Every structure is written in C-alpha cells, then in structure tokens.
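S.K.: For reference, the structure I am asking about is given below.
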Ligand SMILES: [Zn+2]
C-alpha cells in the first residue's frame, strides 16, 4: 500500500506562490521553502491531518507548525503533523491547558463526539495524544526560513490569544477565525470584540494578495469589511437589548433567532456532523460574552485590576 496523501488535483487545494491552503475542517495552510515548510493550523480529523502531513512532506520537511487559537478544531492536529517546532502565542498555550480538551482522554472524547465518520477512525483516535507547544511567543515572532520571511503576531479577536501568520514573500496572511467569510454573526464565545475590531484594521493594512480564513476558501481584502459589519451587527444587537434593560440570561436565552447560512466553500462537505448540534450553544455563548464586554470601554479597560485598599495610615498610627 502506498502512502496515504492528497492528490495535487484535489479541488480543496489552493496554491498561492509557494503557499497552499487546504480547505477542509478547518482550513490548513503551508508555505514551502527550500529549507523546510511552515504549517498553519490543520485538519481536525486525524486521518485527514495524516494525509495533509504526507502531502507536505513530499515537498519539504515540516519545521514550524503554528496553531492560531486554542479551539479544539485547530489544536487537534498538533500531534499528528509532528513538526520540529509547535508554535502558539503564550495566551493560546495557557488556554489549551484549561479548555474542554485539556487531557488526552478529553481530546479523544471530543474527537469521537465530533467525528462520527471514517476520518475520525477509532484506530487513530484510540492512540491519540495531545502535543503541547514547544515554542511560545508574546506580541511578535519573526524569522527567515529558506530565504523567505515570516511574521507571526498576536491578533486578539476571535480568541484572546489568536495569531496571524504573515508569509511576507508569498504575500499571504493566514488569519484563522479572525475572518469568517460572509456576513453571518461570527462565533464570539471566546472573543475580545474590541481588540477584534482593531485586529481587522491591522489585517487590512497588510501588503498581501490573499487572506486564508480558518473556515473557507482564500479571500481578498473586501472580506474584511464584511467581517467588521457582521461583528458590529452582533455588538449592536446585544447593546440594544441591554439598553432596554435585558439581563445577560435573557439575552442568552433569546439567542440569535433565524440565522443566515454561511456561503458554501470547497471544504464544506468536511464539516463534522456534530457542528450543527452545538452551533446554537456557540451562538448563545457568543451573545453572553459580548454582553460582558459591554462593561469595558472599547479603548481598553485600565481598571480591570485594582490594588485592594490597605489602610497603612492606621497601621502607622497604632505604632
Ligand atoms: Zn475558533
């Protein structure tokens, strides 16, 4: 039996210079250089992640693998891809150790629950082990590999620890879930909505031809305006209800109501069957999270942590 890999004609593969997007669940990215490859996120399903890893290895050794956020659909592939360096932001590394899939057994449960098809083959899931990042960064991490420049930067938004990978010389930004295609309400259950709006501004300023989202085909810059409108619409909805005196519980219970469907993309058929089962809960949690952020000023919140009031004067006067 030959090695299980992807066909180069697979309709889910997009090539942008020496960069690839493999549009599955979620979209995986790769940039090939003469000294090795840089991978970004990767398929959640272990069998698909293996096929993707084997495909990339036909071109280059996998040196860096950047995971852009702590949600399990993005992190599950870390141990399957087996890169030399598994990179996340420090915040994402911390979130990974406290989320629902923080242990091997919990991640196996997540994979079994989400998968329910042959790409989540139980022979692979049974032996599944989580891999922790072995390189973390704050703010920015930039490096050269095989004559190509890479800038990875923290871009809080969809999650508080989200990363963007800018492949400078191939003119591609891998933006993960900071940009969802279309104008549907973006999943904001782990989001910092104020930082998200600022991150979108930074993304628009990048000198790139392509933005590769976490769930969809590669896009051009116009998609960012759609994402901003959709996020503002979500924030305005919660603001209006809160202004009318609704409690957090009422807003969460109300939910989003009828939702617009996301546009189909070349990897739509790979979406795990369990996603629709939790989509409503994700939407409700997103509303609750935005509700909480309305207590903070969009310019930042310097008073989130304050010194406790200690009465030093009484202490002195008693001496
Ligand atoms: Zn996510």
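Read-outs: derived from the displayed coordinates by stated rules, not from any lab. Note that the coordinates shown come from a computational prediction; the quantities given were computed from them, not determined experimentally. Glycine gets a Cβ as well: all are built from the backbone with ideal geometry, and neighbour counts include every protein chain shown.
S.K.: Considering only the chain, what is the antiparallel percent among its DSSP beta bridges, to the nearest 5?
M.R.: If we restrict to bridges inside the chain, about 65 percent are antiparallel.
S.K.: On a C-alpha basis, how far is the centre of segment 97-122 from the centre of segment 171-207 in Å? Whole number, if you could?
M.R.: Centre-to-centre distance over Cα atoms comes out at 27 Å.
S.K.: Another question, then. Which of 75, 271, 220 has the fewest other C-beta atoms within 10 Å, and how do the rest follow up to the most?
M.R.: Ascending number of Cβ neighbours within 10 Å: 220, 271, 75.
S.K.: Continuing with this model, one more query. For each of 77, 309, 68, count neighbouring Cβ atoms within 10 Å of the residue's Cβ, then give the residues from fewest to most.
M.R.: Working: 77 26, 309 5, 68 30.
By the 10 Å Cβ count, ascending, the order reads 309, 77, 68.
S.K.: What's the angle, to the nearest 10 degrees (0 to 90), between helix 193-205's Cα axis and the longest principal axis of the chain?
M.R.: That helix lies at roughly 50 degrees to the long axis.
S.K.: Could you put 116, 53 in order, starting from the residue whose Cβ has the fewest other Cβ atoms within 10 Å? Could you put the intermediate results ahead of the total?
M.R.: Numbers: 116 12, 53 24.
Exposure proxy ranking, most exposed first: 116, 53.
S.K.: Using only helices, what value at 222 nm comes out for the chain when you add -39,500 (n - 2.57) per DSSP H run of length 4 or more and divide by the total residues, to the nearest 500 deg cm²/dmol? Write down the numbers at each step before the final one.
M.R.: Numbers: 11 runs with 111 residues, N = 319.
Computed mean residue ellipticity for the chain: -10000 deg cm²/dmol.
S.K.: Further question: Among 83, 205, 188, which one moves the most in a GNM of the chain with springs linking Cα atoms closer than 10 Å?
M.R.: In this elastic network of the chain, the residue with the biggest mean-square fluctuation among 83, 205, 188 is 205.
S.K.: Okay, next question. Defining a contact as two alpha carbons under 8 Å apart and six or more residues distant in sequence, what relative contact order in percent does the chain show? Mind dumping the intermediate values first?
M.R.: Numbers: 605 pairs, mean separation 51.6, N = 319.
The value is 16 percent.
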